[in-house]
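**Q** This is the structure I want to talk about, given as structure tokens.
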Amino acid sequence: MARVREIPTRAEQLAQELSFSAEVRGELARGASEWDAGEFFDAHETWEDIWQVERRPVRGFFQGLILLAAGLHHWTGTHRPRGVRIKLASGIERLAPYAPSYLGVDVSWMVSDAAALLRQAPTESAALAATPRESFPPFRWAATEPGGVWSSVGALRVRRLRTSARLPTRGSERSSGLDLYADLSELGGSLPLTQMPQAVPTGIACAAPAGCELQIRPRSGLSRRGVVAAWGTVDADYRGELQVSMSLMGPGGRGYRVAQGDRIAQLVVAPVLLPSVTEVDELEETARGGGGFGSTGR
């Protein structure tokens with residue numbers, strides 16, 4: 001693997017980050033799932049397919065991940081101490097310039113994990129082979145920090161489709177949901193709700209941060225008034241207008257009208273995994289087995 005000699009500035013990194021396709025982001029997540037399954041060679045191969053096509057200097061980011069995966073493959077597969085040390089050290093060198101995060105990956109944490117592994121790597125092949133698989137760190141997305149505290153995962157990119165549309169806003173500093181606003185400028189400024197679901201437009205389109213999906217959730221204030229906003233998932237590659245399915249439940253909401261600029265739902269950015277699907281002949285046994293609704297008691 002050729003040495004990456006050109007390191008883009010942070011501004012160049014972030015500018016180019018926006019250009020990566022949903023397919024590339026999906027393959028990045030696929031490799032992360034393979035990493036978490038202990039399939040380090042497969043992760044190496046998945047990311048190398050991206051690296052071979054990408055010609056810009058930011059390919060060093062993928063090269064760093066490839067080298068870390070190769071180091072762990074030498075640890076768990078070929079049991080080569082020298083290969084472990086060389087690959088981990090090289091991976092740290094390539095990946096570190098992309099800290100603190102890039103394409104949704106917590107680079108700082110990945111580098112820290114790799115450095116800890118490098119310090120404790122056994123010098124004998126037998127000791128490498130005896131290392132428990134569960135002792136290796138998981139792939140680190142930038143969505144959460146240790147202990148589950150939310151951190152920044154990059155910008156939620158929002159495009160106004162009409163000048164009258166409002167961007168999502170956060171009600172408080174630590175609110176997980178962003179308020180979505182109705183844009184009824186092309187529907188006369190208001191919309192009466194009925195018990196039949198109706199799509200209420202927001203006038204915006206969004207692109208989720210890498211490794212995330214968008215979730216539409218109801219607002220508790222509307223739910224108490226008998227107004228229902230349906231839960232929904234917005235896939236990372238959807239670029240159409242966000243619309244909220246709304247209806248009335250029972251007589252409490254009778255006569256309710258949505259007005260231009262009303263807060264109608266919440267938008268939550270959530271991390272998502274993209275595992276491959278593998279058919280098996282049977283699944284491992286559990287104490288619960290096939291127990292379904294109510295099987296665990298009241």
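Just so you know, all these numbers are worked out from the coordinates, no wet-lab data involved. This is a predicted model, so every value here is computed, not measured. Heads up, the Cβs are rebuilt from the backbone with ideal geometry, glycines too, and the neighbour counts pull from every protein chain shown.
**Q** Calculate the spin-label point distance for residue 93 paired with residue 134, positioning each point 7 Å from the Cα along the beta-carbon direction, and give it in nanometres.
**A** According to this spin-label approximation, the distance is 3.6 nm.
**Q** Give me the net charge for the shell around residue 102: Cβ to Cβ below 14 angstrom, other residues only, Lys and Arg +1, Asp and Glu -1.
**A** After counting each charged neighbour, the total is +2.
**Q** In the neighborhood of residue 230, defined by Cβ-to-Cβ distances under 14 Å, what is the net charge if each Lys or Arg adds +1 and each Asp or Glu adds -1? Each step should come with its number before you reach the end.
**A** Numbers: positive: 217, 219; negative: none.
Net charge around residue 230: +2.
**Q** How many nm is it between the label spots at residue 186 and residue 274, if each spot is 7 Å from the Cα in line with the beta carbon?
**A** 3.0
**Q** Turning to a different aspect of this structure: Normalising by the residue count of the chain, find the relative contact order in percent from Cα pairs under 8 Å and 6+ residues apart.
**A** Working: 510 pairs, mean separation 45.5, N = 298.
Answer for the chain is 15 percent.
**Q** R0 = 25 Å: FRET efficiency of residue 174 with residue 21, Cβ-based, nearest 0.05? If you can, show how the numbers build up before the last one.
**A** Values: r = 32 Å, r/R0 = 1.30.
Step by step, r from the Cβ atoms, then E = 0.15.
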